[in-house]
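Nothing in this text is a laboratory measurement; each read-out follows from the coordinates by a stated rule. Computed from a predicted structure; not experimentally measured. Counting neighbours? That spans all protein chains shown, and the Cβs are built from the backbone with ideal geometry, glycine included.
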Amino acid sequence: MSSEDGPSKKVSRKPRYSRFTQQELPACKPILTPALVIGILMCLGIIFIPIGLLALSASENVVEVVDRYDDVCIPSTDQKVGFIKDPATNKTCIRTFTIPKKMRKPVYVYYQLDNFYQNHRRYVKSRSDRQLWNPKAESSTTPCDPEGQTGDGKPIVPCGLIAWSLFNDTYMLSKNDAALQINKKDIAWRSDRTHKFGSNIYPKNFQNGTLIGGGKLDESIPLSQQEDLMVWMRTSALPTFRKLYGRIETDLEANEKITVTIQNNYNTYSFNGKKKLVISTATWIGGKNDFIGKMYMAVGGTSIVLGVIFSLLYVFKPRPLGDPSYLSWNKSPTLD
Amino acid sequence: MNLDKVSDRGDMASPRKKGIRFSRLYSFSCFRSSFRDEHSQIGLKGYSRVVYCNDPGNQEQILPSYPKNYVSTTKYTALNFIPKSLFEQFRRVANIYFLVVACVSYSPLAPYSAYSVLLPLLLVIGATIGKEAVEDWRRKKQDIEANNRRVKVYDKDRGFLKERWKNLRVGDLVKVHKDEHFPADLLLLSSSYEDGICYVETTNLDGETNLKVKHALDVTCTLNEDNSFEHFKAVIKCEDPNEDLYSFVGTLYYNDKQHPLSLQQLLLRDSKLRNTDYVYGVVVFTDHDTKVMKNSMEPPSKRSKIERKMDKIVYVLFTLLVFVSLVGSFFFGIMTENDIDDDGEMRRWYLRPDQTTAFFDPNNALMAAFLHFLTGLMLYGYLIPISLYVSIEIVKVLQVIFINQDINMYHEETDGPATAKTSNLNEELGLVDTILSDKTGTLTCNSMEFVKCSIAGTAYGRGLTEVERALAKRRGDALDDSEVTSSASLQSDDGMAPGESVKGFNFYDERVLNGQWVNEPHADMIQKFFLVLALCHTAIPEVDEEGKGILYEAESPDEAAFVISARELGFEMYERTQSHISLRELDHESHQKIDRQYELLHVLEFSSSRRRMSVIVRNVEDQLLLLSKGSDSVMLERLSKNSQDFEDVTMEHVKRYAEAGLRTLVLAYRELSKEEFSSWENEFMDAKATVGPDRDALIEAAADKIERDLILLGATAVEDKLQKGVPECIERLEKAGIKIWVITGDKMETAINIGFACSLLREDMEQIVITLDSPEIIELERKGDKEAVAKASRKSIMNQIRQGTLLLSSSGGHFSFLALIIDGKSLSFILSEDLEGPFWQLAVSCSSVICCRSTPKQKALITRLVKKGTGRTTLAIGDGANDVGMLQEADIGVGISGVEGMQAVMASDFAIAQFRFLERLLLVHGHWCYRRISMMVCYFFYKNIAFGFTLFWFEAYASFSGQPAYNDWYMSCYNVFFTSLPVIALGVFDQDVSPRLCLKNPELYQEGIQNMLFSWPRILGWILNGIICSVVVFFFTTSSAVHQAFTGDGRVLDFEAHGVYMYTCVVWAVNCQMALSINYFTWMQHLVIWGSIVVWYAFLLIYGAFPPLFSTTAYQVFVEACGPSPIFWLGTLLAVVSCLLPYVLYRTVQTEFFPMPHDIIQKWQRETSDDRRSKLREKDTLLCK
């Protein structure tokens, strides 16, 4: 009722015109025309195949030696687990292999574990970042159970399953009876050294419990210098993983014999995990892996093949113009 | 404000009307009500209401505690808002799921932190509740407005005072002035007319535009002064509140006598007082007891089909989620159990399975597996995205803004923009299969115009009706421009400037106008013809407020058109008294304007059963004339045997007019001898004086006696003008494959005519007519043998349906050739007698259906049945309160705003000012919204599945332990920052085809009707695409950087960097997929799509720069590990391209070989624009040469 009066005062409800409100903004309306698709496919091929070749050649240039030792560095008894768990047994093991091709420095030494679930939820969460960085937060070990505190309630530093299961095999490499220096400096990420592991935090009560997990830590060295621990604590994404052990700062020539003295301490026998020693060079693309190169070539190749197929179809079987009369949903004859 | 003005006028009651006893004019409807059976039930169950009139202090009145007249239509109150709205919210299955997840996420089961679940849930629920609150507040405001309207209420000491509606009590005496609405159901006591009649407009109730006459009891008629109520006391006993608008039973105890009350005395709330200065009444029903309120249905909450289907998809995905979680927990259980072997030795000792919580306990692996199942449900919760609901709400609100803002749906004259009342149904607009339309006021303007007439065998009137135009157009007659121009020039020749047209009169003929008719051959006939127009009606003249001319208040627009035409043709009725009608007329002999008075002796009014009206007048020459008008069939029977030679010609004209979509009436007259008249009058008066059930029949028989041996004068043709653009609109809607049903209260003939006018029916169509109007059935009905009637009706309808089906099969199923016309009676019969099956088969096969003579209730019923019968989306469009049921029943209700009341608009989901805007609303906005929402939903599931399944694949490599592959924050931000805006942009802005082309190619609309864009194959296709994408991303990222060095300095990919790597691929892939799927790139799309990707990198940088205690696994990852690694960049490119390639190929093949409608139109548009461009270029080169 009230709307009926005062027509003079009434503001017009007419919508204001603007290209935006009328949905008439200038727009580009791409549609997948055959020409466009063929062009895209060809371009893809032309770009991808060279990239693939490049990546493949980079990967080919990497020299990699992998030596599995978990099965040989153990007496062939049924008591593998017992052997490895026994602190008294001598676990030294000597392996030799030849360098297939010249390896330019730096040569990276990795250990590779298999079937080890560093990405298990219980495992991943079992650490205390606060404790690692802040000396006052030593006792914040809640996420670390059951490796948070010692039996008498003292906090373990570093706490948690990850630290507790620290990898503790050691490798001594020698070339022609001369020891090869393995540089273990700078194998962890810088951010770990500077911002995650405190320089004033020292290991405490570590591996003091009844059940010993993995390696021990030197209680006189601050965590920020315990690079093995840092590397280990950067958990892996997949159950098969390599971790950097160190670097050899000399070139290794082809056919040189390398002898490795392994302390086979780490228990992977309980869960049937493999242990491998890897020495490898790295190029711009990283380590040896053909996947990127091959896939680039495959995708590029497929694109070109498809492009050609589409072109042929386009030439030999051209489609009629887009014709709205094809839209007729009503199949009855037209009325006039 | 306005009311004051009106009432002021009302107080100066015009003395002119005082003396009239109009009841004399109404021989039929104003009969005295007699005690009927029901009256004996007063006081019993169902009839227990007692109203003490004008007795506010009466204890007994207060006792039954009838409510005050405070009306509340809101859904919530301030008190129950929170609990009730929350309850409403959690009726959605998805919300319950999310709530459970949020609760569980506070336990250690959660793979990620709780706030990332709870926050979005609060947002969704908050937003929806907010929307409810706003909507309810709007209703509240309307209530407040209605409750605070004022009406004059009698107070013992101070007379009639203004009081708010809400303070009215049962038993109050009120005075309502002209053009005011009745505040409650009132019992009419008296009116400004001596005999206590009043006119009521009930458009708001039943949509009928003609005025109804209400009649007070004779005993109370005299109480028509403000001061006559001092000692008035009465008691009304009547029926309890009920929803029946057409019956009222009660008894008035007044002055120690009982008087029966009927509907004749009841003034219903929401109807309006017309043509009467004021009435006095007693409040009988208030508030929710009023008939109108009892009739109003709870506004149903409508959900779109897409949304309902979305629920089903959610169920599918939930099944998938459960399945995936089950698989996960199965393997998890096995692996966990194996953690300690039979000897009690730990296998995966680094997990310390000997000292563990229930979640990882190898000794109770079953329990661990079950708990893990819960964790899995949360972890893979991305399959059922809560943000989808938020996004859809946002998108719909924005879509609504665009609909409201559309300048092409704005109507200048009524200042009416299109308004979407709800945002729930935007996409439903793109799915409409059947439109059910009201006629009057929806297809037509609801204003009658006198356009043609045939007098003494000569057709006058040069104008073309819309139907004629349409017909000519269809026939392909190069529509004689000459004729059109000539008629246009005619207008100006006649001195009638085109702008100066008179409402109700659209007649151009130089032979008749400006008094030229006197020169025509049958001038005397023409004069009588005009006399009938000027005298045979019940309209009342009223001097214009500005004194300019005379206005008429008529019962129906048709009648108004007649009186106005008579005025324009030189027979101006300027006064009407009890017994006389005065005309200022042109004498055909003297060519002078003279005033003449006609003595009005009897009015035999129009009724739907009589279908004619007559008046008996005595002219100045003391001639007695019976002037009569009526429908052709009725009148034809009554023409004198030795009738005019032009009868055939006239009937031919009538037929032509009807074909032209006009309402026709035949006019005739007869001179009466004095003896004949007086003998008939005696008989008639006797009949009128009888009391009893036979009275009607007696009066009718008496009337019948005099309405005989008429002399034909001619016929009139009145056009209910179609709204602008209706035929074109309907044609295009039909082309779009939408079936149109017109449901109207009109007669079959009129309905068919209108059908032709708006190109719903065409010349070349077969009409199947189903009616119960056959003579045998009418005969049986008269006998009152209900069983026989039912039997005969059934037989007749079966027959008609069978014939229709035969016709259908003979036409080979080309349904565009068939139109079904059915009347309300047959329809309700069909519906009640379960003949629905064959009927639906027939109805669905017809391209247009017209239901005539249907009541408002039937409208709703038909709508429901169409909805159920076809299982597709129905849209109802109407403008009056009588359409409310239909609008609420249909999947979408569209109200025409403007002329009639606001009821329809209030009940509608969308309001537009003109019918023709429906075309744009459906074909453009409907199509777009449908497309946008379905694309959006599909894409949303795609992107969340692409993301969610990477988690699952990762799980497979993490011994299904429930460790998410990504940082918590990445996960919570996925649907908020990195992928949300492009989806919303898609949902709000995407256009496959420009509006112009949408309208030009209505066939495009089939995408919606056939639901091509939201079909299961398409949805599953997108789900599959998501799974493919996740597989590609996961395996490409892991294989490209398995365990070898990831960077040039020999470092390997760890868990943290791998998460970033994979996540980057997903963000790129889903955003590029978006770029591929949308059709419409403005700067906005570029901004949001590429912006989202940039935001991801920015987020990585910023979040990664926070101290590690906050950023945890994201600390410096991008700067240190991913950024410098070529594998990261190469791998991202590779994975993204590989993700998109399958889709591109699919789309290419599809657009090339199995194009969808929009593909064809897009391509066509591209090609034609290319053509034009190349042609232009050719031209240029030619010119250069």
*Under the Karplus relation 6.51 cos²θ - 1.76 cosθ + 1.60, θ = phi - 60°, what is the ordered set of whole-Hz ³J(HN,Hα) values for region A:300-312, x standing for Gly and Pro?*
x, x, 4, 4, 5, 4, 5, x, 5, 4, 4, 4, 4
*Please arrange B:His925, B:His231, B:His177 by counting, for each residue, the other beta carbons lying within 10 Å of its beta carbon, fewest first.*
B:His231, B:His177, B:His925
_chain A: Cys lacking any partner C-beta under 4.7 angstrom_ = A:Cys28, A:Cys43
*Separation of the B:Arg158 and B:Thr690 label points, Cα + 7 Å toward Cβ, nm*: 5.4 nm
*Over the Cα atoms of the protein assembly as shown, compute the convex hull volume and normalise it per residue, giving Å³.*
254 Å³
_All aspartates and glutamates inside 17 Å of A:Lys294 as judged from Cα atoms, apart from same-chain residues fewer than 8 positions distant_ = A:Glu60
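Using alpha carbons only, what's the Rg to Rh ratio of chain A with Rh from Kirkwood? Numbers along the way, then the final one.
Working: Rg = 32.5 Å, Rh = 26.0 Å.
Ratio value, two decimals: 1.25.
With the cut-off at 26 Å, tell me which of the pairs B:Lys641/B:Lys705; A:Lys14/B:Lys212; B:Lys237/B:Lys294; B:Lys721/B:Lys859; B:Lys178/B:Lys825; A:Lys101/A:Lys243 have Cα atoms farther apart than that.
On the way: B:Lys641/B:Lys705 15 Å; A:Lys14/B:Lys212 37 Å; B:Lys237/B:Lys294 19 Å; B:Lys721/B:Lys859 23 Å; B:Lys178/B:Lys825 36 Å; A:Lys101/A:Lys243 23 Å.
With Cα atoms farther than 26 Å apart: A:Lys14/B:Lys212; B:Lys178/B:Lys825.
How big is D, in µm² s⁻¹, for region B:620-739 by Stokes-Einstein at 25 °C and 0.890 mPa s if Rh is the Kirkwood radius over C-alpha pairs? Numbers along the way, then the final one.
Details: Rh = 17.5 Å.
So the translational diffusion coefficient is about 140 µm²/s.
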*Using the structure shown, select from B:Lys943/B:Lys1163; B:Lys739/B:Lys786; B:Lys452/B:Lys674; B:Lys305/B:Lys857 the pairs with a Cα to Cα distance greater than 32 angstrom.*
B:Lys739/B:Lys786; B:Lys452/B:Lys674
*asked:* Multiplying the sequence separation of B:Asp256 and B:Leu1101 by 0.36 nm and subtracting their Cα-Cα distance, what value in nm do you get?
replied: 294.8 nm
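Could you tell me which helices of chain B pass both thresholds, a Cα extent of 27 Å or more along their own axis and a mean Kyte-Doolittle hydropathy of at least -0.5, with helices taken as whole DSSP H runs?
Numbers: long enough: B:115-147 (46 Å, -0.02); B:305-337 (47 Å, 1.08); B:386-405 (29 Å, 1.45); B:786-810 (36 Å, -0.28); B:927-956 (43 Å, 0.52); B:1016-1040 (35 Å, 1.32); B:1055-1077 (33 Å, 0.80); B:1083-1105 (31 Å, 1.40); B:1126-1153 (40 Å, 1.16); B:1157-1184 (40 Å, -1.55).
The qualifying helices are B:115-147, B:305-337, B:386-405, B:786-810, B:927-956, B:1016-1040, B:1055-1077, B:1083-1105, B:1126-1153.
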*Counting other C-beta atoms within 10 Å, which of B:Trp928, B:Trp953, B:Trp517 has the fewest, and how do the rest follow?*
B:Trp953, B:Trp517, B:Trp928
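Compute for region B:72-177: radius of gyration divided by Kirkwood radius, i.e. Rg/Rh, restricted to C-alpha atoms, rounded to two decimals.
Details: Rg = 23.6 Å, Rh = 17.6 Å.
A ratio of 1.34.
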*Efficiency by 1/(1 + (r/R0)^6): what FRET value for A:Asn183 and A:Thr96, r their Cβ-Cβ distance, R0 = 35 Å, to the nearest 0.05?*
0.95
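Given Cα pairs under 8 Å that are at least 6 residues apart, what percent is the relative contact order of chain A? Walk me through the numbers before you get to the answer.
Details: 567 pairs, mean separation 111.1, N = 336.
After rounding, I find 33 percent.
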*Set the Förster distance to 35 Å, then compute FRET efficiency between B:Leu551 and B:Ser774 from the Cβ-Cβ distance, nearest 0.05.*
0.20
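How much length would be gained if the chain were fully extended between B:Ser633 and B:Phe1154, taking 0.36 nm per residue of separation minus their Cα-Cα distance, in nm to one decimal? Each step should come with its number before you reach the end.
Details: separation 521, 0.36 × 521 = 187.56 nm, distance 5.71 nm.
Difference between extended and current length: 181.8 nm.
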*asked:* Cut-off 15 Å, label point 7 angstrom out along Cα-to-Cβ of B:Met651: give me the residues of region B:661-684 whose amide nitrogen falls inside.
replied: B:666-667
*What residues have an amide H closer than 5 Å to that of B:Tyr460, excluding those fewer than 5 places away on the same chain, when H is modeled at 1.01 Å from N in the peptide plane?*
B:Cys453, B:Ser454, B:Ile455
_Likely footprinting exposure, B:Asp289, B:Asp694, fewest C-beta neighbours within 10 Å first_ = B:Asp694, B:Asp289
*How large is ³J(HN,Hα), in whole Hz, for each residue of region A:235-251 in order, when computed from phi with the Karplus curve 6.51 cos²θ - 1.76 cosθ + 1.60 and θ = phi - 60°, using x for Gly and Pro?*
5, 8, 7, 10, x, 9, 8, 10, 9, 5, 9, x, 10, 9, 8, 10, 6
*Percent RCO, i.e. relative contact order, over chain B, from Cα pairs under 8 Å lying at least 6 residues apart*: 11 percent
_How much length would be gained if the chain were fully extended between B:Arg138 and B:Gln516, taking 0.36 nm per residue of separation minus their Cα-Cα distance, in nm to one decimal?_
130.3 nm
*Per 20 Å bin, what is the whole-percent P(r) computed from every C-alpha pair distance within chain B?*
10, 31, 30, 18, 9, 2, 0
*List every residue whose amide H lies under 5 Å from the amide H of B:Leu601, counting only residues 5 or more places away in sequence or on a different chain, with H placed 1.01 Å from N in the peptide plane.*
B:Ile616, B:Val617, B:Arg618
